[in-house]
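S.K.: The structure's right below; bear with me while I get my questions together.
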Amino acid sequence: INGPIWALIALDSNTYEPAEGDVTREALIQCILDAQLEDGGWAFSGDVSDPDMTAMALQALAPYYNSEKKYTYKQKSLGQEVTKAVYQVTEEALDCLSAMQLDTGDFASWGTENVESTDQVVVALCCLGIDPLKDERFIKNGKTLLDGILKYRMSDGGFVHSYAYDPDNPTSHPDKSNSMAGEQTLYTMAALWRQSMGMRTLYDFREEQSNALKQRISDLETGISAVTASADRTALEELLTAFYSLPEGERSYVKGYRRLSEAAVSAGIDIDRIADTTEVIESLYKSPAEFVAALMTFLTNRIRRNKENR
């Protein structure tokens, strides 16, 4: 399963398109979903999820968390056909990872407590826009994931793979810094740092978002945070319009979209209709004020067209 996982990560690292053949984003997503295990996670082999592969699957699926698209597929572990959106699968996997976390903040894979498994979970959460140091699902006995990583730090500044000898990993010594442990921890620290700086996620190699685009997303998140169970239908439609006016590749950076989606469904709003009829506004504006002016013109024209259609 790591093949399609990393193929999808590679394609999405800079919005690449496959040159030819049957390898498409949809096919890769479908392949990953097919392999989900009954407990909600994934494994390199066998029928019991391991944190590494589960976290890597989430890293690949993260750009699609805010998508409403549903996939119908035969889940191999269940032997039956299911229909799910990526966000539903993601939530199941997060529950699976939370249940696997140890009281010391770290994870064990294949029976061995180690730093790399914890690294992968942190990267997955950062890819999903979740703060790994504050999310209650990943704080156990007062220990965060960062506590779980730092317990493996050695006096020379490196990181040991595990304090237990792992016969399946004979080059790893329980009392010496390990190159793979150090490499994975280093890019995990980069993922945490990038999140704290409001930058793109670790595997998103595109140019950083403009200030205008960041402001659009921030304003949208502010609007979403104010949504209540009795939210006005028009207000919800305006928020959805603002969301779908974002370039598709930027929508995964909107935190809280699921809250908006759930409120819209409760209000009987046809989200697909709004998604299909909303014009994408590229972030080519020099300032937030310039964008707001363009958005107001866009919304005014949209309201006028809706009245004419009625």
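S.K.: Got a sec? Which of LEU11, LEU37 is closer than 27 Å to PRO132 by Cα, crowded, with 21+ Cβ neighbours inside 10 Å and of a type outside the set (Gly, Ala, Ser)?
M.R.: Numbers: LEU11 fails: crowded, with 21+ Cβ neighbours inside 10 Å.
Answer to the selection: LEU37.
S.K.: Going through the range 144-175 one residue at a time, which ones are in a loop (DSSP other than H, G, I, E, B), open to solvent by 90 Å² or more (accessible area, probe 1.4 Å), closer than 20 Å to THR104 by Cβ and modelled with pLDDT of 85 or more?
M.R.: Here is the first cut: in the range 144-175, the ones in a loop (DSSP other than H, G, I, E, B) are 144, 151-152, 154-158, 160-175.
Going one step further and asking which of them are open to solvent by 90 Å² or more (accessible area, probe 1.4 Å), we end up with 155-156, 163, 165, 167-168, 171, 175.
Still in the list and also closer than 20 Å to THR104 by Cβ: 155, 163, 165, 175.
Across the range 144-175, the qualifying residues are SER155, TYR163.
S.K.: Please work out which residue is nearest to GLN80 (Cα to Cα), limiting yourself to the range 1-47 and to residues that are in contact (Cβ under 8 Å) with a residue 24 or more places away in the chain and among the aromatic types (Phe, Trp, Tyr).
M.R.: In this case the residue turns out to be TRP42.
S.K.: Could you tell me whether GLY129 is assigned to a loop (DSSP other than H, G, I, E, B), touching a residue at least 12 places away in the same chain (Cβ under 8 Å) and open to solvent by 10 Å² or more (accessible area, probe 1.4 Å)? Please lay out each step first, then the result.
M.R.: Working: assigned to a loop (DSSP other than H, G, I, E, B): yes; touching a residue at least 12 places away in the same chain (Cβ under 8 Å): yes; open to solvent by 10 Å² or more (accessible area, probe 1.4 Å): yes.
Criteria met by GLY129.
S.K.: Tell me, yes or no, whether the range 231-239 has at least one residue that is open to solvent by less than 20 Å² (accessible area, probe 1.4 Å), within 22 Å of the chain's Cα centre (by Cα), within 26 Å of ASP135 (Cα to Cα) and at pLDDT 95 or above. If you could, list the steps in order and put the result at the bottom.
M.R.: Step one: of the range 231-239, the residues open to solvent by less than 20 Å² (accessible area, probe 1.4 Å) are 236.
So of that shortlist, the ones also within 22 Å of the chain's Cα centre (by Cα) come out as none.
No - not one qualifying residue is present in the range 231-239.
S.K.: Same structure again: For the range 176-255, please list each of the helices (runs of 4 or more DSSP H) lying entirely inside it that holds at least 2 residues being within 26 Å of ASP52 (Cα to Cα).
M.R.: 179-196
S.K.: Has the range 17-34 got any residue that is within 23 Å of SER109 (Cα to Cα), in contact with an Asp or Glu (Cβ under 7 Å, 6 or more places away or on another chain) and of a type in the set (A, V, I, L, M, F, W, C)?
M.R.: Within the range 17-34 (the criterion being within 23 Å of SER109 (Cα to Cα), in contact with an Asp or Glu (Cβ under 7 Å, 6 or more places away or on another chain) and of a type in the set (A, V, I, L, M, F, W, C)), the answer is no, since none of the residues qualifies.
S.K.: Given the residues ASP95, ASP147, ASP106, ASP52, which is the only one that is touching a Gly at 6+ places or on another chain (Cβ under 7 Å) and within 23 Å of ALA35 (Cβ to Cβ)?
M.R.: Details: ASP147 fails: within 23 Å of ALA35 (Cβ to Cβ); ASP106 fails: within 23 Å of ALA35 (Cβ to Cβ); ASP52 fails: touching a Gly at 6+ places or on another chain (Cβ under 7 Å).
Selected residue: ASP95, the only one of ASP95, ASP147, ASP106, ASP52 that is touching a Gly at 6+ places or on another chain (Cβ under 7 Å) and within 23 Å of ALA35 (Cβ to Cβ).
S.K.: Looking for whichever is open to solvent by 60 Å² or more (accessible area, probe 1.4 Å) and touching a helix residue (DSSP H, G or I) at 6+ places or on another chain (Cβ under 8 Å) here; the options are ARG259, ARG200, ARG273, ARG206. Which one fits? Spell out the reasoning first.
M.R.: Working: ARG200 fails: open to solvent by 60 Å² or more (accessible area, probe 1.4 Å); ARG273 fails: touching a helix residue (DSSP H, G or I) at 6+ places or on another chain (Cβ under 8 Å); ARG206 fails: open to solvent by 60 Å² or more (accessible area, probe 1.4 Å).
When all the criteria are applied, what remains is ARG259.
S.K.: Considering only residues of the range 64-109 that are acidic (Asp, Glu) and outside any helix (DSSP H, G or I), which is surrounded by the most Cβ atoms within 10 Å (Cβ to Cβ)? Please lay out each step first, then the result.
M.R.: Start the filter on the range 64-109 by keeping residues that are acidic (Asp, Glu), which leaves 68, 81, 91-92, 95, 103, 106.
With the extra rule that they be outside any helix (DSSP H, G or I), the set shrinks to 68, 81, 103, 106.
Values: GLU68: 14, GLU81: 9, ASP103: 10, ASP106: 26.
Filtering first and then ranking leaves ASP106.
The values are calculated or read from the model by the stated rules, or taken from the named source; none is laboratory data. No experiment lies behind these values; they were computed from the predicted model shown. Don't worry about glycine lacking a Cβ; one is built from the backbone with ideal geometry, like all the others, and counts go over all protein chains shown. These accessible areas exclude ligands, DNA and RNA; they are computed on the full protein's heavy atoms, side chains included. Shrake-Rupley method; radii C 1.70, N 1.55, O 1.52, S 1.80 Å.
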